[in-house]
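Engineer: One structure follows; several queries about it will come next.
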Amino acid sequence: MRHLMSPLDFSVAELDGLLELASDIEKHPQKYAHACGGKKLATCFYEPSTRTRLSFESAMLSLGGSVLGFSSADSSSASKGESVSDTIRVISCYADICAMRHPKEGAPLVASQKSTIPVINAGDGGHQHPTQTLTDLMTIRSLKGQLGDLTIGLCGDLKFGRTVHSLIHALIRYPNIRFVLISPEELRVPSYIREEVLQNNNIPFQEVERLEDAMSQLDILYMTRVQRERFFNEEDYVRMKDFYILDKQKMSLAKEDMLVLHPLPRVNEISVEVDDDPRAAYFRQARYGVYVRMALILTLLEITVSDAPDGKEQSC
Ligand code: NCD
């Protein structure tokens, strides 16, 4: 049985297979419409979410399965003091697969160690968010046609932004990737990522503070919001929150074919006037999130769908 805690849990070949499957699902959704008949997905969310939880639920429903779960710690027995280890042992009796989001780093990993069903990390504190990374990879691959030979600007809260941490881990495995890390001094990527992930793997990167200084060299601009809930005090958040605002004027400095990605939710960091720019890909990105999660559920449940016209599923 496999879980997904980090993008590194899949080899590059496995990731490519998963993205290929997601593209096939996008093209032929009917083929997969009953693949998970009789299967249940539990969404255990101890932290707020719109896209991740609903795209998981939409994914399972599109596969013909059903969903159950809770969307806040308050509405679960965590509020009575139950541990995630006990909760997952019980959920294992009710569902076939579980997506878990938790404010504590490592909580989904702890759950996976006691689970008898596959557990997917749907975001753990400021640590990792591997299914957002699958979404980001599918967006880049679909819209750019490749995952290598790219200069990627990561902008905003690179310290607490778990989507950025997971994306860096995943992208360094593709050839000729260069990063431009755009953040205020206080929100730079954690030193373990700079040293152990980037420097130790000889990945070229540059750190800058001004978005304008990076814009013209980028193939992808990945914007992120300042992670208010991870700040120790509100004053620091207020000082940082509008540090970057991507607007039309800054977009005029970018390549014609640069893509703007954002895991969403957006606060102020992308002005709504950018939404109509053909390079703004963040809403398309949210759609890809459903296809990759469908592919992930099938992969972890070890369900293959045949190419027969009726798409009759087989379990292996
Ligand atoms: C991200 C998250 O939860 O880390 N959202 C998401 O899942 N799409 C990004 C964020 O909250 O800023």
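The values are calculated or read from the model by the stated rules, or taken from the named source; none is laboratory data. Since the structure is predicted, the reported quantities are computational estimates derived from the model, not experimental observations. Glycine also receives a Cβ, built like all others from the backbone with ideal geometry; neighbour counts cover every protein chain displayed. Accessible surface is based on the protein model in full, side chains and every heavy atom, while ligands, DNA and RNA are left aside. Shrake-Rupley method; radii C 1.70, N 1.55, O 1.52, S 1.80 Å.
Engineer: Kindly indicate which of Gly123, Gly106 is within 17 Å of the chain's Cα centre (by Cα) and surrounded by fewer than 24 Cβ atoms within 10 Å (Cβ to Cβ).
Structural biologist: Step by step, each of Gly123, Gly106 is checked, and only Gly106 is within 17 Å of the chain's Cα centre (by Cα) and surrounded by fewer than 24 Cβ atoms within 10 Å (Cβ to Cβ).
Engineer: Same structure again: If we keep just the residues of the range 201-222 that are over 23 Å from Ser191 (Cβ atoms) and either part of a loop (DSSP other than H, G, I, E, B) or under 23 Å from the mean Cα position of the chain (by Cα) (or both), which is farthest from the ligand (Cβ to nearest atom)?
Structural biologist: Ranking the qualifying residues of the range 201-222, first place goes to Asp219.
Engineer: Here's a follow-up. Considering only the range 70-157, give the helices (runs of 4 or more DSSP H) lying wholly within it that have at least 1 residues that are charged (D, E, K, R) and closer than 30 Å to Leu259 by Cα.
Structural biologist: Qualifying helices (runs of 4 or more DSSP H): 130-144.
Engineer: Given the residues Leu134, Leu158, which is the only one that is open to solvent by less than 10 Å² (accessible area, probe 1.4 Å), under 22 Å from the mean Cα position of the chain (by Cα) and more than 23 Å from Ile25 (Cβ to Cβ)?
Structural biologist: Checking each option against the conditions leaves just Leu158.
Engineer: Every residue in the range 274-296 that is outside any loop (DSSP other than H, G, I, E, B), more than 14 Å from the ligand (Cβ to nearest atom) and either free of Cβ contacts under 8 Å to residues at least 12 places away in the same chain or aromatic (Phe, Trp, Tyr) (or both), please.
Structural biologist: Tyr291
Engineer: Considering only the range 159-190, state which residues are touching a Phe, Trp or Tyr at 6+ places or on another chain (Cβ under 9 Å) and at positive phi.
Structural biologist: none
Engineer: Being more than 29 Å from Glu57 (Cα to Cα) and within 16 Å of the ligand (Cβ to nearest atom) narrows it down to one residue among Pro130, Pro190, Pro175, Pro184; which is it?
Structural biologist: Among Pro130, Pro190, Pro175, Pro184, only Pro190 is more than 29 Å from Glu57 (Cα to Cα) and within 16 Å of the ligand (Cβ to nearest atom).
Engineer: Within the group Asp24, Asp9, which residue is in contact (Cβ under 8 Å) with a residue 12 or more places away in the chain, away from the ligand (no atom under 15 Å from the Cβ) and among the acidic types (Asp, Glu)?
Structural biologist: One residue alone meets the criteria, Asp9.
Engineer: Looking at Ala111, Ala99, Ala107, Ala59 in this structure, which one is of a type in the set (A, V, I, L, M, F, W, C), touching a helix residue (DSSP H, G or I) at 6+ places or on another chain (Cβ under 7 Å), modelled with pLDDT of 95 or more and more than 30 Å from Tyr192 (Cβ to Cβ)?
Structural biologist: Ala59
Engineer: Please specify each residue of the range 173-189 satisfying the condition of being assigned to a loop (DSSP other than H, G, I, E, B), open to solvent by 30 Å² or more (accessible area, probe 1.4 Å) and within 29 Å of Arg239 (Cα to Cα).
Structural biologist: Arg188
Engineer: Continuing with this model, one more query. Pairs needed: first member in the range 248-260, farther than 17 Å from Tyr222 by Cβ; second member anywhere, of a type in the set (Val, Ile, Thr); C-beta distance under 9 Å; at least 6 residues apart or different chains.
Structural biologist: From residues that are farther than 17 Å from Tyr222 by Cβ, the pairs are Lys248/Val274.
Engineer: Would you mind telling me which numbered condition in (1) within 16 Å of the ligand (Cβ to nearest atom); (2) assigned to a loop (DSSP other than H, G, I, E, B); (3) open to solvent by less than 20 Å² (accessible area, probe 1.4 Å) His165 fails?
Structural biologist: It is condition (2) that His165 fails.
Engineer: Among the residues of the range 43-64, which ones are open to solvent by less than 30 Å² (accessible area, probe 1.4 Å), in contact with a Ser or Thr (Cβ under 9 Å, 6 or more places away or on another chain) and more than 13 Å from the ligand (Cβ to nearest atom)?
Structural biologist: If the condition is that a residue be open to solvent by less than 30 Å² (accessible area, probe 1.4 Å), in contact with a Ser or Thr (Cβ under 9 Å, 6 or more places away or on another chain) and more than 13 Å from the ligand (Cβ to nearest atom), then Cys44, Met60 are the ones that fit.
Engineer: In the range 23-42, what count of residues is obtained for those that are buried (at least 16 other Cβ atoms within 10 Å of the Cβ) and of a type in the set (S, T, N, Q)?
Structural biologist: Adding up the residues that qualify gives 1.
Engineer: Okay, moving on. Please state which one of Gly153, Gly145 is open to solvent by less than 70 Å² (accessible area, probe 1.4 Å) and free of Cβ contacts under 8 Å to residues at least 40 places away in the same chain.
Structural biologist: It is Gly145.
Engineer: Got a sec? Which of Thr304, Thr299 is away from the ligand (no atom under 13 Å from the Cβ) and in contact (Cβ under 8 Å) with a residue 60 or more places away in the chain?
Structural biologist: Thr299
Engineer: Let me ask something else about it. Would you confirm whether or not the range 264-273 contains a residue that is within 23 Å of the chain's Cα centre (by Cα), within 16 Å of the ligand (Cβ to nearest atom), touching a residue at least 12 places away in the same chain (Cβ under 8 Å) and open to solvent by less than 20 Å² (accessible area, probe 1.4 Å)?
Structural biologist: yes
Engineer: Could you check the range 223-263 and list, in sequence order, the residues that are part of a loop (DSSP other than H, G, I, E, B) and under 19 Å from the mean Cα position of the chain (by Cα)?
Structural biologist: Selection gives Thr224, Arg225, Val226, Gln227, His262, Pro263.
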